[in-house]
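Engineer: Once you've had a glance at the structure underneath, I'll fire off some questions.
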Amino acid sequence: MDAERLIANGRYALAEAHAPWDIMREAWQAQALAQVIGGHLAAEGPLELRSEARGLSETGGVRGGMEHAALRTGVPRAAQLTSVGDVRAALTALGVLLGEVGIALVGVACAPDEDGLYWQSIEAIDAADEAGDHVRTMLRRLAVRERDRPPDPARGRAGPG
């Protein structure tokens, strides 16, 4: 399945998650998806993104909150990734998902009934923020690449990648 479709599925699932453990589970799903997309781009993406993509593939890998057994029910959505068709669109959508995950996790961390999830939420927020940093850096690099590309004579502007 294409990255954009998986990200859209993740955004929908996060929007439908209301219980703190469900939100944490969706945060884990989003982090796993970010890691897999990062690994895909590190192996097959544009050369100027590969080192940053490698960093994305390693974010949150050993964090206690994101590795809690209760969060790992079922197969991660990320296992369904087959392609990253439009790199810019996929990274933009992933950045939005990670931002939404961070906001949802703040709600979990602040919930008065969920003291047991506080530190796990904080660690998950840190992981989502770190992944978001990698995504923003890759988007900036794509913008520089586009800006520095020689004009396409047929169009009078920079041509497609």
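Engineer: In whole Hz and in residue order, list the ³J(HN,Hα) couplings for the stretch 30-35 that follow from phi through the Karplus curve 6.51 cos²θ - 1.76 cosθ + 1.60, θ = phi - 60°; x for Gly and Pro.
Structural biologist: Each residue of the stretch 30-35 in turn: 5, 5, 4, 5, 4, 5 Hz.
Engineer: Here's another thing I want to ask about it. Could you sort the peptides 94-103, 5-14 by per-residue average Cβ neighbour count (10 Å cutoff), highest mean leading?
Structural biologist: Values: 94-103: 20.8, 5-14: 18.7.
Highest to lowest by the protection proxy: 94-103, 5-14.
Engineer: Looking at the stretch 1-66, I'd like the Rg to Rh ratio, where Rg is from alpha-carbon atoms and Rh is Kirkwood's inverse mean 1/r.
Structural biologist: On the way: Rg = 13.1 Å, Rh = 12.6 Å.
The Rg/Rh ratio comes out at 1.04.
Engineer: Further question on the same structure: Give a residue-ordered list of calculated ³J(HN,Hα) values for the stretch 17-28 (Karplus: 6.51 cos²θ - 1.76 cosθ + 1.60, θ = phi - 60°; whole Hz; x for Gly, Pro).
Structural biologist: 7, 10, 6, x, 5, 5, 5, 4, 5, 5, 5, 4
Engineer: What FRET efficiency, computed as 1/(1 + (r/R0)^6) with R0 = 25 Å and r the Cβ-Cβ distance, is obtained for E146 and A8, rounded to the nearest 0.05? Walk me through the numbers before you get to the answer.
Structural biologist: On the way: r = 24 Å, r/R0 = 0.97.
That pair, E146 with A8, gives E of 0.55.
Engineer: When you count, for each residue, the other Cβ atoms within 10 Å and take the mean per peptide, how do 122-130, 105-113, 25-33, 46-54 rank with the highest first?
Structural biologist: Values: 122-130: 21.0, 105-113: 14.3, 25-33: 25.3, 46-54: 16.4.
Packing proxy ranking, top to bottom: 25-33, 122-130, 46-54, 105-113.
Engineer: Between E58 and D133, how high is the FRET efficiency from 1/(1 + (r/R0)^6) when r is the Cβ-Cβ distance and R₀ = 22 Å? Nearest 0.05. Spell out each step's value before the answer.
Structural biologist: On the way: r = 13 Å, r/R0 = 0.58.
For R0 = 22 Å, the calculated efficiency reads 0.95.
Only the coordinates and a few stated rules stand behind these numbers; no lab work does. A quick note: this is a predicted structure, and the numbers were derived from the prediction, not measured. Counting neighbours? That spans all protein chains shown, and the Cβs are built from the backbone with ideal geometry, glycine included.
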